[in-house]
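The next block holds one structure in the form of structure tokens; read it before the comments.
The values are calculated or read from the model by the stated rules, or taken from the named source; none is laboratory data. Please read these numbers as outputs of a predicted model, since none were measured by experiment. Every residue, glycine as well, gets a Cβ built from its backbone with ideal geometry; the counts of neighbours run over all protein chains shown.
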Amino acid sequence: MGSAESMAEAISSCAYFDTASEEVRPPWALAQADKFEYEDCPFCKMRRSHLSWLRTEIKRLTSEVAAVQTSIPPIFLPELQTHLQAGLPASGYTGGVDDIVASSCPRCPELRQQVIEVQDEARQLDAQCKARIEFRREQARKVEELLIAKRAIEAKLMSSGGRMDDGQLSLITRVNLADEDAMLTAAKQPL
């Protein structure tokens, strides 16, 4: 028992830290606050890196929104607009960028605000993409029925000859083209 009591005493004496007698020093970067130039500021350097990354992510997210949007048949676009107006889903997207509160140069607050604004823009695009994906999932059965109806019309056109005045097949989709022909046709179209 005696050794347990002495152990508890030793632990409590180690855990005690008298802040009045000892000076608590902040981390080096914080101790140097307001002494850095913009070009040398470690926080601004990290924020510039974050801005660059987030702008790349915004390009990717914009592309994803466009890709999902084009996968929705035009007949469903009014319903999509109604769905989007009802509200966007919550997005926890951060882009892997953490908010750095510290500052050590006069431009730190300005750059921090830019990071927050660009991150909000990326979060908004993420929510736009999620909303379109949710809509696409909800409408999947209707989209499939529409595609089946299109293919049935194509089959009728093919069985009746389906020729236009210029001798070309009049088909609704490129489903009946060979893969190589479809790739060449897609490559010729402007993006």
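Looking across the stretch 79-115, the residues that are closer than 20 Å to K59 by Cα and of a type in the set (S, T, Y) come down to S91, Y93, T94. Of the residues in the stretch 38-48, none is among the acidic types (D, E) and either modelled with pLDDT of 85 or more or in contact with an Asp or Glu (Cβ under 7 Å, 6 or more places away or on another chain) (or both). Filter the stretch 139-155 for residues that are part of a helix (DSSP H, G or I) and in contact with a helix residue (DSSP H, G or I) (Cβ under 8 Å, 6 or more places away or on another chain); which is nearest to S71 (Cα to Cα)? Out of the qualifying residues, it is V143. Screening Q128 with (1) surrounded by fewer than 15 Cβ atoms within 10 Å (Cβ to Cβ); (2) at pLDDT 60 or above gives one miss only, at (1).
Each row is one residue, and each column tells you yes or no for (1) among the β-branched types (V, I, T); (2) closer than 30 Å to E138 by Cα; (3) surrounded by fewer than 17 Cβ atoms within 10 Å (Cβ to Cβ).
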| residue | (1), (2), (3) |
| --- | --- |
| D40 | no, no, yes |
| S49 | no, no, yes |
| T70 | yes, yes, yes |
| P78 | no, yes, yes |
| Q81 | no, yes, yes |
| L84 | no, yes, yes |
| D98 | no, no, yes |
| C105 | no, no, no |
| P109 | no, no, yes |
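Of all residues in the stretch 116-132, those that are over 17 Å from K59 (Cβ atoms) and touching a helix residue (DSSP H, G or I) at 6+ places or on another chain (Cβ under 7 Å) total 2.
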